[in-house]
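Asker: Quick one: the structure is below, and I'll ask about it shortly.
The values are calculated or read from the model by the stated rules, or taken from the named source; none is laboratory data. Bear in mind the structure is a predicted one, so any value in this text is a computation, not a measurement. Every residue, glycine among them, receives a Cβ derived from its backbone with ideal geometry; neighbour counts consider all protein chains shown. Each accessible area value is taken on the protein alone, full model and side chains, heavy atoms only, with ligands, DNA and RNA left out. Shrake-Rupley method; radii C 1.70, N 1.55, O 1.52, S 1.80 Å.
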4 protein chains.
Amino acid sequence: MVSTGTAANVLSIAALTPPWGSVLCHSESHLLNDECTAPEFYTSGARFVGIGGADAKMDPAQLQKLVAQKIGDVHSCQPSVISLSQVTEVGSVYSLEEIRAITDVAKVAGLPVHMDGARFANALLALGCTPAEMTWKAGIDILSFGATKNGVMTGEAIVVFKSSFESKGIDSNKVAQELAYRRKRGGHLLSKMRVVSSQMMAYLSNDEWRRNATHANAMMALLQEGLKTVPGVKINTPAQANMLFCTLPLDMMRHLQAEGFGFYTGRWEEGVIRLVTSFQTPKAGVEAFIDSARRFSLLY
Amino acid sequence: MVSTGTAANVLSIAALTPPWGSVLCHSESHLLNDECTAPEFYTSGARFVGIGGADAKMDPAQLQKLVAQKIGDVHSCQPSVISLSQVTEVGSVYSLEEIRAITDVAKVAGLPVHMDGARFANALLALGCTPAEMTWKAGIDILSFGATKNGVMTGEAIVVFKSSFESKGIDSNKVAQELAYRRKRGGHLLSKMRVVSSQMMAYLSNDEWRRNATHANAMMALLQEGLKTVPGVKINTPAQANMLFCTLPLDMMRHLQAEGFGFYTGRWEEGVIRLVTSFQTPKAGVEAFIDSARRFSLLY
Amino acid sequence: MVSTGTAANVLSIAALTPPWGSVLCHSESHLLNDECTAPEFYTSGARFVGIGGADAKMDPAQLQKLVAQKIGDVHSCQPSVISLSQVTEVGSVYSLEEIRAITDVAKVAGLPVHMDGARFANALLALGCTPAEMTWKAGIDILSFGATKNGVMTGEAIVVFKSSFESKGIDSNKVAQELAYRRKRGGHLLSKMRVVSSQMMAYLSNDEWRRNATHANAMMALLQEGLKTVPGVKINTPAQANMLFCTLPLDMMRHLQAEGFGFYTGRWEEGVIRLVTSFQTPKAGVEAFIDSARRFSLLY
Amino acid sequence: MVSTGTAANVLSIAALTPPWGSVLCHSESHLLNDECTAPEFYTSGARFVGIGGADAKMDPAQLQKLVAQKIGDVHSCQPSVISLSQVTEVGSVYSLEEIRAITDVAKVAGLPVHMDGARFANALLALGCTPAEMTWKAGIDILSFGATKNGVMTGEAIVVFKSSFESKGIDSNKVAQELAYRRKRGGHLLSKMRVVSSQMMAYLSNDEWRRNATHANAMMALLQEGLKTVPGVKINTPAQANMLFCTLPLDMMRHLQAEGFGFYTGRWEEGVIRLVTSFQTPKAGVEAFIDSARRFSLLY
């Protein structure tokens, strides 16, 4: 257990790469774009290499090329970990086959695979599969299990999959033990960890996690369906879970802000906004947003 | 705001030392003994140097010697930060004069001083002074303000004292800005930080912090007075706040454990136990503990 | 003075970026491709960001975009240093105007500029300007002055340009002093440094450096002119100093190897080879290489 | 091969400790006192712990206590490497039995042992044993083989002892391979490494190393015998190889300096000087030094 998704991700990866390793992830990944230099910090200076691919999913062919390159050449960092995000940073979801395509490359190369599961529950519901199917059965070795975005106040977990690691000759007990020291030296061992951890009992019992993510995904489906019918709105990547990037006319953006709707601007290309639904998103709010956009598009 | 005292301490210090710096602290300090290698991690590999002194308080004379040694010699780490703990790790409290003796050495050497205030409120009540008197007015530049041990679930703060820093020619704005990046790359920026931070409003309003610490200190006074009267119990360092180290006959230790009292053993010399009172410690519990110890001592 | 170009480059850059900084360099730069993770190691985990541009020269427009992006956003590394290689990694040479285009962007952004001068003398002769014109007069703040590739056994220098730094409000004395500590903690302070350093006296006296580089560049000009006349040989980037990348038919490559000519293969696209001339390259050797290639092309 | 003893030592140790490890060495060791923070830098922030013992030799009893303490406790760094210096920093030499006493503790604890052999040849001649007897046969796993202080210009080697490592279940091939990456990322892979390395052929052939060290040790014996007979001179630790610390009356120190003899002062207690003989030390110089000291003592 740790408090932040950042910590869960970088601790997991740091346990698997030497300082001269490279970590292969999508060029739009959170690791490369939104974590300051936490990845380099925790890995004692490993290299994070961006890989292309549509919808923020790594292209297995590009990955294959990189994992086979300059192996044993001391002038180059050495491929050590592959990290994928499920849900991706643009709101798409890897299918089980797409995960497999990545983990198959990893398996041949003998590399461990990390899943950034900040929106794990949302992805799971999108795929309609079991947690096991989306993780170790699909070749994932270590998971950052996100809970904070789905109802927990502060609390994320790292899950180590014994059988996955062992099929690659990696000692999962050693990984787990090292994580305890890494967490402590990162300052992430809370003296009141039991308070934080206890949330997981509530979260994982009685399908709390499922209810929350189901609602979030449903609200996004509603939002996306509505926005599709609004002239001028462009869906950038079809949302498969609870996050959507779309492009609005600048005037529409301003109109929505004037009506009280809040969203980040300026982080992406002009006109691009990110919409995220959660366990708390009210249906009426979604409908109001769509209505407001539609009213604007009719008037102008 | 961060979740852990570890983070508050090491982030503060990391903002003030170059990687080739040395950080001077007591040889019994938490930094040297209980933080794994978090201090080295956050400072990118600075050296932590232990200084002696009675009751876990740094001896100003030893400190003076070290801050003047090998200055400008590239073969040696360079003194960069002084860190003291208030309450100390053995339960004593620096008087204002004792703090001044340390900060005076620092001032002449031009070094910033960090206070590890994990038990800040308890120390304050012990001294009966204001927060300002115990910090910037006494020459402290940066404070790890502890709250977790005094009623907050997860939450500590770093306080940067503008005027102190500036009297040493250090730009306090730069320190504060850097802390924001250091916190993020340490993985300590919570996405729900507002939830954690909001506790401080309750904690600092209506004298909540004072009520809690007053109770904890009072319970310790009661406990210490009681134990003094029990034959065979040795008070190692007189408790001035809410923490006490004492030495018990091994049989008495086992008797207390058998009666259901819990405490760590094995971390210190044989027979040594640490007793800490908190805002929740019931008076009846303290009395029961004393009674149980006394009953044992009378029987054997 | 240090022994290796790696050390000269990474020490220079480390002195100028905080650990959460980004260092902007060409995507084909040595820093990104040939130094394992030394850049991350020495900077305590800064991010190295590759920028595009023809002939391995950074495109000022791309650079401009990156230095202005996400400034003050703690989720992102912050642009801190710009590093260019002169001669570039593909054998081209920045003109003084091209250097200026980079340093102008840097100046507006307030960022220091590092020049990787592994082939400094060769570039200088290619441009026919003075060292001052190619460095501080063109806006360079710090230089890795390469000597090892031009006649010195082991020995490179870091040159700090006082006036350049000061025009940006950076204290050059502080940079220089820090370099002394950084060198020591990197293990690059030789106990017999005087032995290594003494080479510089010979190298910089009596135009030794100029004679060596003049010869190397002349031999490359001869080699390039010759290869241009050989059917089947493709010049990838016109050599402006003493390094050339060209593409040969695979059979020609093997023929040359069979005749005893040595060169790396397999590091780049198939058929690509790197040819470098030095102060020692004999004219007869260059001619023999061209002859051998021509004979092959006539026969097949 | 690397250029500096610093690099040889810290690379060796870094290959054997995790960042949360502790490295146990004598409190007067070079690692703790003369390497700035290179040890912390190369180990990504491990803790270096000083152990006492007469004549700068670690006390096995103290060592035994530390290797068994707080094992598995995440709040504490974990004992990972033991490092001893042969010749020690005060000029004494561990006997084979004394080395064994250290390595026996290491063996039981499962820890690798590093020998800092900056004056390896001098120690070897002092003991009159074979290199094997002083290293792997005595339980040493990895050696920094010093050559720079005994006739080589710049050049030290790291020697990995396969059988020693394997008796502890450590894969020596992995250690050796990692050293190649660690050397590169430390900037210690010289492009002209063959030039540096070639010295070792001359050094190790025809007993060059032995002749040089024999002379150095003989000159020290002469110097020490002479100084013993000079009233007022105190031998601090009997020199067993080629280094001696002694204490002189301040006036004698100044007299010697006035007569042209050079030595460091001010690094140690007042009056303490360090005298080192080398392969180049002329017998006449040693005699002149003794004479000068004696003349002074007779006059005053």
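Asker: Here is a list of conditions, (1) in a helix (DSSP H, G or I); (2) in contact with a Leu (Cβ under 6 Å, 6 or more places away or on another chain), and C:GLN62 meets all of them except one; can you say which number that is?
Answerer: Only one criterion is unmet by C:GLN62, namely (2).
Asker: Is the stretch B:1-18 home to any residue that is more than 8 Å from chain D (Cβ to nearest Cβ), crowded, with 24+ Cβ neighbours inside 10 Å and assigned to a strand (DSSP E or B)?
Answerer: Checked against the condition, which is being more than 8 Å from chain D (Cβ to nearest Cβ), crowded, with 24+ Cβ neighbours inside 10 Å and assigned to a strand (DSSP E or B), the stretch B:1-18 yields at least one hit.
Asker: May I pose another question? Across the stretch A:274-300, what is the total count of residues that are surrounded by 14 or more Cβ atoms within 10 Å (Cβ to Cβ) and part of a loop (DSSP other than H, G, I, E, B)?
Answerer: Number satisfying all stated conditions: 4.
Asker: Given the conditions (1) of a type in the set (Asp, Glu); (2) more than 14 Å from chain B (Cβ to nearest Cβ); (3) under 16 Å from A:ALA8 (Cα atoms), and given that A:ASP116 satisfies all but one, which numbered condition is not satisfied?
Answerer: Among (1) of a type in the set (Asp, Glu); (2) more than 14 Å from chain B (Cβ to nearest Cβ); (3) under 16 Å from A:ALA8 (Cα atoms), A:ASP116 violates only (2).
Asker: Within the stretch D:247-286, how many residues turn out to be more than 15 Å from D:VAL233 (Cα to Cα) and within 14 Å of chain B (Cβ to nearest Cβ)?
Answerer: The qualifying residues number 5.
Asker: Separate question: Go through the stretch C:190-207 and report how many residues are surrounded by fewer than 11 Cβ atoms within 10 Å (Cβ to Cβ) and within 11 Å of chain D (Cβ to nearest Cβ).
Answerer: 1
Asker: The conditions are (1) of a type in the set (Val, Ile, Thr); (2) open to solvent by 10 Å² or more (accessible area, probe 1.4 Å); (3) over 13 Å from the mean Cα position of the chain (by Cα), and D:VAL90 fails exactly one of them. Which is it?
Answerer: Among (1) of a type in the set (Val, Ile, Thr); (2) open to solvent by 10 Å² or more (accessible area, probe 1.4 Å); (3) over 13 Å from the mean Cα position of the chain (by Cα), D:VAL90 violates only (3).
Asker: Since C:LYS57 meets every condition but one in (1) more than 11 Å from chain A (Cβ to nearest Cβ); (2) charged (D, E, K, R); (3) under 21 Å from A:ILE51 (Cβ atoms), which condition does it not meet?
Answerer: Result: C:LYS57 fails condition (3) only.
Asker: What is the number of the single condition among (1) surrounded by 15 or more Cβ atoms within 10 Å (Cβ to Cβ); (2) at negative phi that C:GLY187 does not meet?
Answerer: Only one criterion is unmet by C:GLY187, namely (2).
Asker: Next question, about the same structure. Collect the residues in the stretch C:27-73 that are small (Gly, Ala, Ser), closer than 20 Å to C:MET115 by Cβ and open to solvent by 50 Å² or more (accessible area, probe 1.4 Å), keeping them in residue-number order.
Answerer: C:SER27, C:ALA54
Asker: I need the full set of residues from the stretch D:97-118 which are open to solvent by 30 Å² or more (accessible area, probe 1.4 Å), touching a strand residue (DSSP E or B) at 6+ places or on another chain (Cβ under 8 Å) and either under 16 Å from D:SER29 (Cβ atoms) or not in a helix (DSSP H, G or I) (or both), in order please.
Answerer: Selection gives D:ALA118 alone.
Asker: If D:THR37 satisfies all but one of (1) hydroxyl-bearing (Ser, Thr, Tyr); (2) in contact with a Leu (Cβ under 6 Å, 6 or more places away or on another chain); (3) without any contact (Cβ under 8 Å) to a residue 24 or more places away in the chain, what's the number of the condition it fails?
Answerer: (2)
Asker: To continue, here is another question. For the stretch A:206-252, give me each residue that is hydrophobic (A, V, I, L, M, F, W, C), free of Cβ contacts under 8 Å to residues at least 40 places away in the same chain and part of a strand (DSSP E or B).
Answerer: A:ILE235, A:CYS246
Asker: Can you name every residue in the stretch D:257-273 that is open to solvent by 70 Å² or more (accessible area, probe 1.4 Å) and either of a type in the set (D, E, K, R) or part of a loop (DSSP other than H, G, I, E, B) (or both)?
Answerer: D:GLU259, D:GLY262, D:TYR264, D:GLY266, D:ARG267, D:TRP268, D:GLU269, D:GLU270
Asker: Among what's in the stretch C:174-183 and is within 25 Å of the chain's Cα centre (by Cα) and not β-branched (Val, Ile, Thr), pick the residue that is nearest to C:THR135 (Cα to Cα).
Answerer: C:ALA176
Asker: How many residues are in contact (Cβ under 8 Å) with a residue 12 or more places away in the chain, outside any helix (DSSP H, G or I) and either touching a Leu at 6+ places or on another chain (Cβ under 8 Å) or not charged (D, E, K, R) (or both) if we restrict to the stretch C:119-134?
Answerer: Selection size over the stretch C:119-134: 1.
Asker: I'd like to verify a number: residues in the stretch C:167-181 that are open to solvent by less than 30 Å² (accessible area, probe 1.4 Å) and among the β-branched types (Val, Ile, Thr), how many?
Answerer: Number satisfying all stated conditions: 1.
Asker: Also, I was wondering about something else. Only residues that are within 8 Å of chain A (Cβ to nearest Cβ), charged (D, E, K, R) and within 28 Å of C:ALA239 (Cα to Cα): list them for the stretch C:27-54, please.
Answerer: C:ASP34, C:GLU35
Asker: Tell me which residues, restricted to the stretch B:140-179, are more than 27 Å from B:SER205 (Cβ to Cβ), among the aliphatic types (A, V, I, L, M) and not in a helix (DSSP H, G or I).
Answerer: Within the stretch B:140-179, just B:ILE170 meets the criteria.
Asker: If I ask for residues that are closer than 18 Å to C:LEU223 by Cα and among the hydrophobic types (A, V, I, L, M, F, W, C), which ones from the stretch C:262-280 would you list?
Answerer: C:PHE263, C:VAL272, C:ILE273, C:LEU275, C:VAL276, C:PHE279
Asker: Same structure again: Applying the selection to the stretch A:135-166, what residues are free of Cβ contacts under 8 Å to residues at least 60 places away in the same chain, open to solvent by 40 Å² or more (accessible area, probe 1.4 Å) and more than 9 Å from chain B (Cβ to nearest Cβ)?
Answerer: A:TRP136, A:LYS137, A:VAL159, A:VAL160, A:LYS162, A:SER163, A:GLU166
Asker: Residue check: is C:SER92 polar (S, T, N, Q), assigned to a strand (DSSP E or B) and away from every other protein chain (no Cβ under 11 Å)?
Answerer: no
Asker: Which ones in the stretch C:167-189 are under 23 Å from C:LYS107 (Cα atoms) and away from chain D (no Cβ under 12 Å)?
Answerer: Scanning the stretch C:167-189 gives C:SER167, C:LYS168, C:GLY169, C:ILE170, C:ASP171, C:SER172, C:ASN173, C:LYS174, C:VAL175, C:ALA176, C:LEU179.
Asker: Only one residue in A:ALA106, A:ALA68, A:ALA56, A:ALA8 is touching a residue at least 24 places away in the same chain (Cβ under 8 Å), touching a Phe, Trp or Tyr at 6+ places or on another chain (Cβ under 9 Å) and among the small types (Gly, Ala, Ser), so which one is that?
Answerer: From the options A:ALA106, A:ALA68, A:ALA56, A:ALA8, the qualifying one is A:ALA8.
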